[in-house]
Number of protein chains: 2
Amino acid sequence: MPQRSVKEQLIEHAEDVFRQQGFSAASVQDLTVAAGVPKGSFYNHFASKQDLAREILLRYVRATDISMLADEGLPARERLRRHFAGQVERTMRTGLEFGCLLGTLSAESAAAGQEVRAGADAGYTQWVGAVAEAVAAGQRSGEISAGIEPGRLAGTLIDGFEGAALRAKATGQTGPVDDFMTITLDRLLS
Amino acid sequence: MPQRSVKEQLIEHAEDVFRQQGFSAASVQDLTVAAGVPKGSFYNHFASKQDLAREILLRYVRATDISMLADEGLPARERLRRHFAGQVERTMRTGLEFGCLLGTLSAESAAAGQEVRAGADAGYTQWVGAVAEAVAAGQRSGEISAGIEPGRLAGTLIDGFEGAALRAKATGQTGPVDDFMTITLDRLLS
């Protein structure tokens with residue numbers, strides 16, 4: 001199945017290319033070179049660079065480890081802390097200087113077009129939903145103060161993380177993500 | 001002074017071009033067309049697109065209204081609230097779908113090169129410093145709990161705003177910036 005293999009190779013390598021270069025600066029040639037496939041093969045598998053970027057965004061969000069968010073053996077605040085610690089660790093592992101792929105592609109969504117924007121929108125919706133479930137569990141158990149709709153509180157947590165990853169990227173410092181973990185997370189979950 | 005005028009026209013229009021298209025997607029031709037100047041004139045005034053982007057970033061941060069942050073006639077929390085409300089308003093006025101220019105160029109800083117990254121870094125440093133002074137004033141007056149270094153708390157506020165502007169951009173919703181104002185700001189300044 002050579003055709004399927006080319007598509008898989010493109011998908012496998014595109015995440016790093018988009019993370020490191022962003023959407024606009026990454027060319028179809030960059031993507032095919034990274035995947036080790038002929039340039040001409042790209043459009044046999046994807047209608048456009050946008051099409052691949054949306055696919056990569058959705059895979060990136062699906063690959064986000066949300067397992068601990070539903071771990072009923074842990075207090076809800078601890079589930080949330082472990083989840084975001086995992087996101088910090090993932091961003092450090094793939095290069096703090098490149099930031100979070102969802103954030104990077106979201107920032108380019110105005111120029112990248114409707115498909116990329118829709119992928120980012122769907123990615124945020126999915127992530128907010130998973131975090132909101134742990135927030136709701138914490139509100140039910142009394143660990144997290146009630147009175148704010150779980151999805152809205154979940155959104156502010158995610159925004160705090162994304163903003164911190166963005167500043168860490170621009171400044172080359174880990175302070176922003178450390179402070180997200182020790183200040184923002186704690187205050188928002190009080 | 002025709003040469004000076006061309007440079008000024010480029011600077012005057014580049015902010016909108018970079019905000020709307022981002023760094024990589026905006027070409028030198030986009031910049032000269034927007035400014036209404038000959039394409040060939042660009043390199044008489046700027047060494048590179050990076051050079052202009054860094055200049056625009058620094059101007060954008062300098063144009064940020066921080067006057068209320070030092071207004072001793074207001075409680076420190078109110079100064080901070082007004083400052084961030086002004087940033088939300090500025091982002092809405094220039095198009096929520098384009099987000100904050102500092103955030104957009106920071107997100108592209110890995111591919112845009114050292115000059116743009118240094119501009120974003122300097123922009124963050126300047127902004128964090130101005131916000132930190134109001135945080136410190138609030139800690140002295142007892143309005144804001146002490147125990148966290150003002151610059152670190154200021155950074156988390158800015159990250160919360162930037163993350164919210166980013167999600168608002170990708171999702172097309174104002175909810176994230178509204179929730180920054182009513183949830184994140186309140187909790188971080190408790």
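Just a few scattered comments:
- Take each residue of peptide A:106-118, count the partner chain Cβ atoms within 10 Å of its Cβ, and average: the result is 6.
- Full-stretch length increase - A:Arg90, A:Leu74 - with 0.36 nm per residue and alpha-carbon distance subtracted: 3.6 nm
- Think of each Lys and Arg Cβ as +1 and each Asp and Glu Cβ as -1; about the Cα centre, that makes the dipole of the stretch A:2-49 roughly 160 debye.
- Summarising the overall dimensions of chain B from its C-alpha atoms, the Rg and Dmax are 18.0, 58 angstrom.
- Global form of the stretch B:2-53, assessed from the alpha-carbon gyration tensor, a/c cut-off 1.5: prolate
- Debye, to nearest 20: dipole size of the stretch B:60-188, +1 on Lys, Arg Cβ, -1 on Asp, Glu Cβ: 40 debye
- Filtered trypsin sites (Lys or Arg not before Pro), the stretch A:118-190: DSSP coil and at most 11 other beta carbons within 10 Å: none
- The ellipsoid equivalent to the alpha-carbon distribution of the stretch B:77-145 has semi-axes of 27, 17, 7 angstrom, derived from the gyration tensor eigenvalues as √(5λ) and listed largest first.
- Relative to the longest principal axis of the Cα atoms of chain A, the long axis of helix A:114-141 lies at roughly 20 degrees.
- Spatial separation of Cα centroids for the stretch A:7-66 and the stretch B:132-190, in angstrom: 35 Å
- Global geometry of the stretch B:89-190, whether rounded, prolate or oblate, following the gyration tensor of its Cα atoms and the 1.5 cut on a/c: oblate
- Å³ per residue enclosed by the Cα convex hull of the stretch A:142-190: 51 Å³
- Ascending count of other beta-carbon atoms within 10 Å, so fewest first, for B:Glu133, A:Glu8: A:Glu8, B:Glu133
- Shortest first, A:Glu89 label-point distances to identical copies amount to 4.5 nm, with the label point at 7 Å from Cα along Cα→Cβ.
- For A:Asp65, label point 7 Å along C-beta direction: distances to other copies, nm: 4.5
- Pairwise Cα separations in the protein assembly as shown fall into 20 Å bins from 0 onward with the following percentages, short to long: 29, 56, 15, 1.
- For chain B, the longest principal axis of the Cα atoms and the long axis of helix B:49-62 meet at an angle of about 30 degrees.
- Over chain A, relative contact order from alpha-carbon pairs under 8 Å, at least 6 apart, %: 22 percent
Every number here is computed from the coordinates shown, using simple stated rules; none is lab data. No experiment lies behind these values; they were computed from the predicted model shown. Counting neighbours? That spans all protein chains shown, and the Cβs are built from the backbone with ideal geometry, glycine included.
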